Amino acid sequence: MTENAYPGLPSPPPLGASALPPGTYEGHTVLVTGGGSGLGKAIATEFARLGADLVIVGRTADRLKAAQEELGALGGRVTASVCDIRDPERIAEVFDAAPVLPDVLVNNAAANFPVPAEDMSPNAWRAVVDITLTGTWFMTREFGRRHLAAGTPGSVINVGASYAWTGGPGFAHSAAAKAGVKNLVETLAVEWAPYGIQVNGLVPGLFPHADLPEAIRGNLERTDDDKASRQPALRVGQARELGWAATFLASPYARFVSGHTMVVDGANWQRRNVVNAPVVPVREQLGRGPYGQ
Ligand SMILES: CCCCCCCCCCC/C=C/C(=O)SCCNC(=O)CCNC(=O)[C@H](O)C(C)(C)COP(=O)(O)OP(=O)(O)OC[C@H]1O[C@@H](n2cnc3c(N)ncnc32)[C@H](O)[C@@H]1OP(=O)(O)O
Ligand SMILES: NC(=O)C1=CN([C@@H]2O[C@H](COP(=O)(O)OP(=O)(O)OC[C@H]3O[C@@H](n4cnc5c(N)ncnc54)[C@H](OP(=O)(O)O)[C@@H]3O)[C@@H](O)[C@H]2O)C=CC1
């Protein structure tokens, strides 16, 4: 049988299309961490197309400035704030400096690189867990506190990864952190629903893009030339598909959806074979020799 002899899941509508009515987010402000690049920028784009003003956050001023111009061309006000989400005091300053209290918080920023667990240094673990889990918590805490104090509703979307459920060989730090991120969704959705705050998760499948750090992109390119054929959908995700899911989850049409994590991955994480492919140890997948030699 020829690979890719099947159609796979259909392509999505083109960039610029939307399932939601035009102007759904007019008068609303959406804060996206990591909104200066990759999937965060794609999510910010879809909110902006529906009329949202944006606050984008990241550590790199140049990257944010370029994204601010690009996103600003869609018509809304875009505020760019340099902030390391590991720093709770800086996060408070970002909220203070925002033109208004954002209605929606998208916790998209995360850190990751593949490494065999036995090679991982304490600092490598800390860097990934502190950004991915603790940074997400610091951002969410600030957002929640301010809405509780103001008595206003809000919506939080935590971007996750499917190895929160399955474990992630080669990504022990990130998988553990993303499991925490998913768990926070479930806890906070209950704690804050009485105050009008929704908390949901959004999990991308494989969405390769040019902004990925070399440690991820390089391994993706090295380990698999034909990524689409390895997915049940016979294709990878298009960034706008994640943006559309985010704009739905935070919209008025999803007001009774909270504590839910939506997976946008063409069923990749449920993929199982009765007889699996041969096991290749992570060290070997990453092209490393035996431990300790
Ligand atoms: C097994 C097969 C692999 C196939 C590939 C498949 C890929 C599919 C992946 C799909 C899932 C993707 C999920 C994602 O999350 S993608 C998003 C990734 N984006 C980012 O990570 C952006 C932000 N990243 C960063 O800023 C940095 O990468 C970093 C996380 C390192 C944080 O930067 P910071 O400046 O705070 O940290 P340092 O540079 O000081 O480093 C801290 C310690 O971490 C060690 N380190 C850094 N990089 C690596 C590496 N590649 N391998 C091992 N260790 C690393 C560094 O040495 C520091 O530790 P020490 O002080 O002990 O040296
Ligand atoms: N791409 C994919 O296939 C998949 C992605 N995901 C998840 O999707 C989300 C987006 O990933 P993706 O766009 O691919 O990754 P990128 O590496 O392209 O983007 C990460 C963004 O987060 C920002 N960021 C990183 N660390 C910090 C920090 N400490 N403080 C503030 N901002 C920070 C980065 O900006 P800067 O470096 O300037 O700070 C960057 O804009 C992540 O949560 C990731 O785990 C999950 C599964 C698959």
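Annotations
- Probe 1.4 Å - accessible area at Arg222, Å² to nearest ten: 130 Å²
- Ellipsoid semi-axes for region 1-133, based on the Cα gyration tensor and the rule √(5λ), read 27, 27, 11 Å when sorted largest first.
- Global geometry of region 239-293, whether rounded, prolate or oblate, following the gyration tensor of its Cα atoms and the 1.5 cut on a/c: prolate
- With all protein chains modelled, accessible area of Asp226 [1.4 Å, Å²]: 60 Å²
- Relative contact order, percent, region 80-180 [alpha-carbon distance under 8 Å, six or more residues apart]: 37 percent
- Rel. contact order, % - alpha carbon contacts under 8 angstrom, at least six apart, the chain: 19 percent
- Over the chain: Rg over Rh, Cα atoms, Kirkwood Rh: 0.97
- Comparing Gly35, Gly151, Gly167 in a Gaussian network model of the chain (Cα springs below 10 Å), the most mobile by mean-square fluctuation is Gly151.
- Of the accessible area of region 1-144, computed with a 1.4 Å probe over protein heavy atoms only, carbon and sulfur atoms account for 54 percent.
- Rolled with a 1.4 Å probe across the full set of protein chains, the surface gives Val32 an accessible area near 0 Å².
- Based on C-alpha pairs under 8 angstrom that are at least 6 apart in sequence, region 1-89 has a relative contact order of 25 percent.
- In order through region 89-104: 3J(HN,Hα) via Karplus (6.51 cos²θ - 1.76 cosθ + 1.60), integer Hz, x for Gly, Pro: 5, 5, 4, 4, 5, 4, 5, 4, 7, 5, x, 9, 5, x, 7, 10
- Highest average packing first - 40-50, 83-93, 16-26, 173-183, Cβ atoms within 10 Å: 40-50, 173-183, 83-93, 16-26
- Difference of contour (0.36 nm per residue) and Cα-Cα distance, Gln285 to Thr134: 51.4 nm
- Cα-Cα P(r), region 57-151, percent of pairs per 5 Å interval: 2, 12, 19, 21, 17, 13, 8, 4, 2, 0
The values are calculated or read from the model by the stated rules, or taken from the named source; none is laboratory data. Given the structure is predicted, the values throughout are model-derived calculations rather than measurements. With ideal geometry, Cβ positions are generated from the backbone for all residues, glycine too; neighbour counts draw on all protein chains shown. SASA here: full protein model, heavy atoms, side chains in, ligands and nucleic acids out. Shrake-Rupley method; radii C 1.70, N 1.55, O 1.52, S 1.80 Å.
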